[in-house]
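Coordinate-derived values only; no laboratory data. Given the structure is predicted, the values throughout are model-derived calculations rather than measurements. We place every Cβ from the backbone using ideal geometry, glycine too, and count neighbours over all the protein chains shown.
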Amino acid sequence: MSENKMITMIIKRQDDPDQSPYEEKFEIPYRENMNVISALMEIRRNPVNADGQATTPVYWDMGCLEEVCGACSMVINGTPRQSCTALVDQLEQPIRLEPMSTFPINRDLAVDRSRMFDSLKKVKAWIPIDGTYDLGPGPRMAESKRQWAYELSKCMTCGVCLEACPNVNSKSDFIGPAPLSQVRLFNSHPTGEMNKSERLQTIMDGEGLMGCGNAQNCVQSCPKGIPLTTSIAALNRDTAVESFKSFFGSDKQV
Amino acid sequence: MAGTRGYVNRRLHSLLGVIPIGIFLIQHLTVNYFATRGPQAFNDAAHFMESLPYRYVLETFIIFLPLLFHAIYGVYIAFTAKSNLSNFGYFRNWMFIFQRITGIVTLIFIAWHVWETRIAIGFGWADLNYQLMEGILTEPFFFWFYVIGVISTTFHFSNGLWSFFVSWGITVSPRSQKIMTYVSIIVFVAISYVGVRTLIQFAYGI
């Protein structure tokens, strides 16, 4: 490759949460095997835009740099994905970077994904094993079940599925695919199953999981290939049964 | 749990779309199809439906109330979506948007259709017979209005049937959902044929 080959990036920037966004264009010297993050680092090293004016360095979030933490998600050429695995050689130029608009924007490309972590708390995406005494070993999990549950556990709360979903927006309180799939994960665990009904009740709050409109963009977009729509359909079945049980049955009272 | 009303409304919306509205749609198109056997056959079939016992109860609880709920709540659902087709041009995302567009089109069509037929008949402005529909559909504008309205309705029902199977947890696996997609396409083609064939009969007498 020639020494002076440049790549062009158009970045949607925003100085703080309350200000309006603007676009800024950058020319970055090309190196082999660059990803979007190394290009952004180049801007940080030399914060000069395409017009040759000095500017503030572009701000973004990152963590693991190997697509397991979910922090560096952004919209790259229209597609929400992790910037660490977005290789410059595979992207059409100019590369357009935008923050994920579903979330509140902190600054530039960094967004506040708090709603996702709040959702995990809401649905109790954990297995309660704490007690005042040793509860002893829990029930065993079948290996075959562990294997498919592992696929669901790959979720890194990156926010791509929420960004892709047409029903996750300011007009709706739909919780989004990621936390729903976690309900299925923890409900399928032999110990987690003991709180199954409780978790199902939380996703029947408000519109709950019925806020899903089956556009199925989430499963197409998930960088971890999690079967999100299968999880939602399975929970549709579980909540339907749960509704019948709690309305007609006696599981909730003596 | 305090806030399950939205959840219950959505469940009810999904259920009513198929039972009873979807069943009524198929029944309605089938009875109308008698028109292809000539005016007399249509009049006899329509008269049979008209003279069913406790007809107002049937109409109220099988047609009007479920339809009203499904329509009003459906408008709310349609307008809470934020289309993102430009970045996510997947088949199901297209279906998602079409479902919302056809929902609105169908609502406009059905409102007009009910006004022009059932309400007009109820007030005695028109009589339920072959000539009523012939009069409406021989006008080219209304013929095409009805063609679009009927196809919009059959699409909304067929695709809605697919969503119904997902929403009630019947088709969970991707494979079953895919097969259901094919089934819904067959349903769409079949009932669209029945509906449009009847319109052609009224409009052109063939």
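Cβ distances below 4.7 Å define possible disulfide partners, and in chain A the cysteines left without one are A:Cys72, A:Cys84, A:Cys155, A:Cys158, A:Cys165, A:Cys212, A:Cys222.
Dividing the radius of gyration of the alpha carbons in the stretch A:215-254 by their Kirkwood radius gives 1.26 for Rg/Rh.
Stokes-Einstein diffusion of the protein assembly as shown at 10 °C, 1.306 mPa s viscosity, Kirkwood radius from Cα pairs, rounded to a whole number: 62 µm²/s. Where both bridge residues fall in chain A, DSSP classifies roughly 85% of the beta bridges as antiparallel. Scalar couplings 3J(HN,Hα) for the stretch B:13-22, obtained by applying the Karplus form with A = 6.51, B = -1.76, C = 1.60 to θ = phi - 60°, are 4, 5, 5, 4, x, 9, 10, x, 4, x Hz; x denotes Gly and Pro. Here the stretch B:126-161 is scanned for amide nitrogen atoms under 19 Å from the site 7 Å beyond the Cα of B:Arg55 along Cα-to-Cβ, giving B:126-134. Summarising the overall dimensions of the stretch A:6-111 from its C-alpha atoms, the Rg and Dmax are 12.7, 38 angstrom. Qualifying GluC sites (Glu not before Pro) in the stretch A:3-57, where qualification requires a DSSP coil assignment and no more than 15 other C-beta atoms within 10 Å, comprise A:Glu3, A:Glu32.
What is the count of Lys pairs in the stretch A:114-248 whose alpha carbons sit under 16 Å apart, if the two are 8 or more places apart or on different chains? Provide the component values of the computation, followed by the final result.
Details: A:Lys121/A:Lys196; A:Lys122/A:Lys196; A:Lys124/A:Lys196; A:Lys145/A:Lys154; A:Lys154/A:Lys224; A:Lys196/A:Lys245.
Counting lysine pairs in the stretch A:114-248 gives 6.
Near the amide H of A:Arg13, within less than 5 Å, lie the amide hydrogens of A:Tyr22, A:Glu23, A:Glu24, all on another chain or at least 5 residues away, with H placed in the peptide plane.
Among B:His156, B:His113, B:His70, which comes first, second and so on when ranked by fewest other beta-carbon atoms within 10 Å?
Numbers: B:His156 25, B:His113 18, B:His70 21.
Listed from fewest to most nearby Cβ atoms, that is B:His113, B:His70, B:His156.
Its relative contact order, with pairs defined as Cα atoms under 8 Å and 6+ residues apart, puts chain B at 29 percent. Can you compute the FRET efficiency between B:Ile121 and B:Ile170 using 1/(1 + (r/R0)^6), with r the Cβ-Cβ distance and R0 = 35 Å? Round to the nearest 0.05. It comes to 0.40.
The chymotrypsin sites (Phe, Trp or Tyr not before Pro) of the stretch B:46-140 meeting both criteria, a DSSP state outside H, G, I, E and B (loop) and at most 10 other C-beta atoms within 10 angstrom of the site's C-beta, are B:Tyr54, B:Phe123, B:Trp125. Protection proxy ranking, highest mean first, for peptides A:14-21, A:95-102, A:56-63, A:122-129: A:95-102, A:56-63, A:122-129, A:14-21, where packing is the per-residue count of other beta-carbon atoms within 10 Å, averaged. Other protein chain C-beta atoms within 10 Å of residue C-beta, averaged over A:55-66: 0. What whole number of Å gives the distance from the Cα centroid of the stretch A:1-30 to the Cα centroid of the stretch A:125-147? The stretch A:125-147 and the stretch A:1-30 have Cα centres separated by 48 Å. The stretch A:114-248 has equivalent-ellipsoid semi-axes of 25, 18, 14 Å, by the square roots of 5 times the alpha carbon gyration tensor eigenvalues, sorted largest first.
Equivalent ellipsoid of the stretch B:75-186: semi-axes from √(5λ) of the C-alpha gyration tensor, largest first, are 34, 16, 13 Å.
In the stretch A:114-248, Cα pairs under 8 Å separated by at least six residues give a relative contact order of 30 percent. Dividing the convex hull volume of the alpha-carbon atoms in the stretch B:39-86 by its residue count gives 102 Å³ per residue. Amide H to amide H distances under 5 Å link A:Gly176 with no residue, where only residues 5 or more positions off or on other chains count and H is placed in the peptide plane.
How much length is gained on full extension from B:Arg5 to B:Asp44, taking 0.36 nm per residue of separation minus their Cα-Cα distance? Don't skip to the end; give the middle numbers.
Details: separation 39, 0.36 × 39 = 14.04 nm, distance 4.40 nm.
Result: 9.6 nm gained on full extension.
Percent antiparallel among DSSP beta bridges with both residues in the protein assembly as shown, to the nearest 5?
Numbers: 18 of 21 bridges.
Of the beta bridges lying entirely in the protein assembly as shown, close to 85 percent run antiparallel.
Here the simple spin-label model places points 7 Å from the Cα toward Cβ, and for A:Asp173 and B:Trp94 these points are separated by 3.6 nm.
What net charge is computed for the residues neighbouring A:Ile43, neighbours being all others with C-beta under 13 Å from the C-beta of A:Ile43, Lys and Arg scored +1, Asp and Glu -1?
Numbers: positive: A:Arg13, A:Lys25, A:Arg44, A:Arg45; negative: A:Glu24, A:Glu27, A:Glu42, A:Asp108.
So the surrounding residues net to 0.
Just the number: Rg to Rh for chain A, Cα atoms, Kirkwood Rh, two decimals. Across chain A, the Cα-based Rg/Rh ratio is 1.07.
The phi-based Karplus calculation (6.51 cos²θ - 1.76 cosθ + 1.60; θ = phi - 60°) puts the 3J(HN,Hα) values of the stretch B:150-159 at 5, 5, 4, 5, 5, 5, 4, 5, 5, 5 Hz, whole numbers, x for Gly and Pro.
Sequentially through the stretch A:130-143, phi angles give Karplus couplings (6.51, -1.76, 1.60; θ = phi - 60°) of 6, x, 8, 8, 5, 7, x, x, x, x, 6, 10, 5, 4 Hz, Gly and Pro residues having no value and appearing as x.
Its residue count N fixes a reference of 2.2 N^0.38 Å for the stretch B:5-204, and the Cα radius of gyration divided by that reference is 1.08.
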